[in-house]
Amino acid sequence: MNDLGTPDEPYDLIGLGFGPSNVALAIAAQEIAPDRRCLFLERSPDTRWHEGMLIDGTRMQISFLKDLVSLRNLASPFTFLQYEKAKGRLEKFVNLAEFRPSRLEFQDYLRWVAAQFADMVRYGSAVRAVTPVRDDDGALSLFRVSATDTATGEAVEYHARNVVHALGGVPRVPEAVTLGPNVVHSSAFLPTVPRTYTDHDREWEFAVVGDGQSAGEIAHYFLDHYRNARVHLILPGYSLRATDNNPFANEQYFEANADDFYSRGEEDRRVSGASLRTTNYGVVEEGFLDDLYRLAYADEVRGRTRLLVHGGSRVTSSEAEGEGIRIGVESRFGSETSVLRADGMVLATGYRRRLDPEMYRDVLPYLKTDGDSRPVVSREHRVRATAELTCGLYVQGFAEATHGLGDTLLSLLPFRSKQIITAIAKDGGSQARAFSPARRDGGPDAATLAELIDRCGSGTLVSAGPREFPVATRLPLVLDRDRGRNGVLFGVLDRTDPQLRLLDGGKVLAVFQPDGASAGEPLSIDVRGCARLVTDRDRLVAHEARVGPVPRPGGSVGIEIEIEALSGRFPLSPEPRAARAESESEK
């Protein structure tokens, strides 16, 4: 056998990054599809999570039950409570009567879980490029992942059928600002600020830009650790606002509601997403706001104002001035412009998420994007691609527009991991691929089965309906073996067919029952695959040309099914036709 990760023995998946998203994926892979062969590449020397904001005393904003796996599998050995038991602290943790652990402890939990998957992680591996590889049939069926060992500089390459991108976001920096010794993003706050500003009694001037939880925590840190410092809090809104944390709003982060969000129309998703922004963006936990206000009020009692809030403002310039910086601030509610002189500025301005154009330079031409140049992502978080690219690119935390605000949060990690690993497992992975050269039981080989499908002309399409109840519909289907890794089925549906919502991006089963099989025996052909709806007029016309004219009162929608597995099913105890006829005559 060749070494794992070569073109002949590729991994079933390679995960980029080993933070919470891909650690949760590793758990799901072990519990749902343990035969999948996985590798994870992480740039850092160990698993890290928001290391720049692990301020002493800060707590999680969600329950410990929203860990990497509990909501999917309470019996998992990787739950937060299992971690507490392994650390010998379970009774003490229960005695705290606290649902929200500290961030520091949650990171320790992540590292505890990650350590149990150390054999499938390559730490210190900086991914440089993901490149599709063309097989002998002309399809782009594998990814080549090129990385560099950060310790030795050695270049390494691995091959996989699927890549799962979970490298997180890139710090968002205002156009007018350049990062430097005295200007840092919140992601680098703790590793940088305490070492730079060591005199805790000096009368420092600090600026904090942003209006979310991180901005509030950084402002509090400065006021608490530098007793003579003044803090300028530059807010885009008129004031700090409390998180909408009511239980009815939080239900939108339930698995079922997140799935329903994907099923809505684009405009409906946009409106719903905007209405829920105060549950996550530009807001501060209410109890923490009270603490910050009390700290500022105590300063007022002492006769000094140390927290200065610049509401409705934005930074227009930033440049070095002596040992400090000169900051231009413009009011959003008028034309007023002011200048602040500060010793340091921290940008709590969040993150933006995009696929690195250099890393994915050879993949991007095959990916489908929306009007905002974002990748179009299926329900299972697979980026939609042209038929030529048959290997799968999955993304974690990049589909907020279609999957809801929970896509970038911890709450839905167990469910998203299940979706991804289930989709990859159904793809066949390291098992025998569809259209194998021959069947060991002497039955029809793949070529014969394909010919029988062509003779059928139509088949029954089965998909999962509500509560996993199967829904079936019969329609004309034709096979094109020249496209995709294993072939593509084409069909045409009525635009009003209730199955449309269930089919797009979902796993389906197409069943064909040809008359007069080659051996004279009853035969059922099962084809498993992933369905995609086709609404583009030119492609739809081409589909209908293959299938034949199918007049539909509500209009037509094309469907293409990329085949993932194919098999023929025979009677359990086949008998010669004459013998069966004689037996039936005696009944």
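The values are calculated or read from the model by the stated rules, or taken from the named source; none is laboratory data. Keep in mind that what you see is a predicted model, and the values were worked out from it rather than measured. So basically every Cβ, Gly included, is an ideal-geometry build from the backbone, and we count neighbours across all protein chains shown.
For this structure, a couple of remarks:
- Pair list, Cβ < 8 Å and 6+ apart or interchain, from segment 162-178 residues that are closer than 28 Å to V23 by Cα to residues that are exposed (fewer than 14 other Cβ atoms within 10 Å of the Cβ): G169/R352; V170/R352; V170/R354; R172/R352
- Some residue of segment 105-123 being in the same structural domain as V363 (by TED's automatic domain parsing), modelled with pLDDT under 95, part of a strand (DSSP E or B) and touching a strand residue (DSSP E or B) at 6+ places or on another chain (Cβ under 7 Å): no
- Residue among V164, V145 that is in contact with a helix residue (DSSP H, G or I) (Cβ under 7 Å, 6 or more places away or on another chain), on the phi < 0 side of the Ramachandran plot and not in a loop (DSSP other than H, G, I, E, B): V164
- Look at segment 238-266: where a residue is farther than 15 Å from R379 by Cβ and a partner is modelled with pLDDT of 85 or more and loosely packed, with under 15 Cβ neighbours inside 10 Å, sitting 6+ places away or on another chain with Cβ atoms under 8 Å, you get A242/E286; T243/E286; N245/E286.
- Number of residues in segment 28-67 that are crowded, with 16+ Cβ neighbours inside 10 Å, within 21 Å of the chain's Cα centre (by Cα) and among the polar types (S, T, N, Q) equals 3.
- Qualifying residue in segment 75-85 (condition: of a type outside the set (K, R), in contact (Cβ under 8 Å) with a residue 40 or more places away in the chain and surrounded by 14 or more Cβ atoms within 10 Å (Cβ to Cβ)): yes
- Picking from residues in segment 365-413 that are touching an Asp or Glu at 6+ places or on another chain (Cβ under 8 Å) and assigned to a helix (DSSP H, G or I), the one that is surrounded by the most Cβ atoms within 10 Å (Cβ to Cβ) is D407.
- Scope segment 330-363; condition in a strand (DSSP E or B) and of a type in the set (D, E); matching residues: E330
- Residue list for segment 291-310, filter: surrounded by 15 or more Cβ atoms within 10 Å (Cβ to Cβ) and part of a strand (DSSP E or B): L307, V309, H310
- Any hit, segment 311-329, residues being surrounded by fewer than 12 Cβ atoms within 10 Å (Cβ to Cβ) and outside any strand (DSSP E or B): yes
- Among the residues of segment 167-221, just one is closer than 11 Å to M345 by Cα, modelled with pLDDT under 95 and assigned to a strand (DSSP E or B), namely G180.
- Filtered by the rule that a residue be more than 21 Å from the chain's Cα centre (by Cα), within 21 Å of F18 (Cα to Cα) and hydrophobic (A, V, I, L, M, F, W, C), segment 68-96 gives a lone residue, F80.
- Qualifying residue in segment 137-149 (condition: among the aromatic types (F, W, Y) and more than 28 Å from T408 (Cβ to Cβ)): no
- Qualifying positions in segment 91-114 - closer than 22 Å to F288 by Cβ and in contact with a Gly (Cβ under 8 Å, 6 or more places away or on another chain): S102
Okay, residues lined up against (1) farther than 30 Å from L347 by Cβ; (2) not small (G, A, S):
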site: I32; (1), (2): yes, yes
site: D35; (1), (2): yes, yes
site: G52; (1), (2): no, no
site: E91; (1), (2): yes, yes
site: A97; (1), (2): yes, no
site: R100; (1), (2): no, yes
site: R111; (1), (2): no, yes
site: A129; (1), (2): no, no
site: G138; (1), (2): yes, no
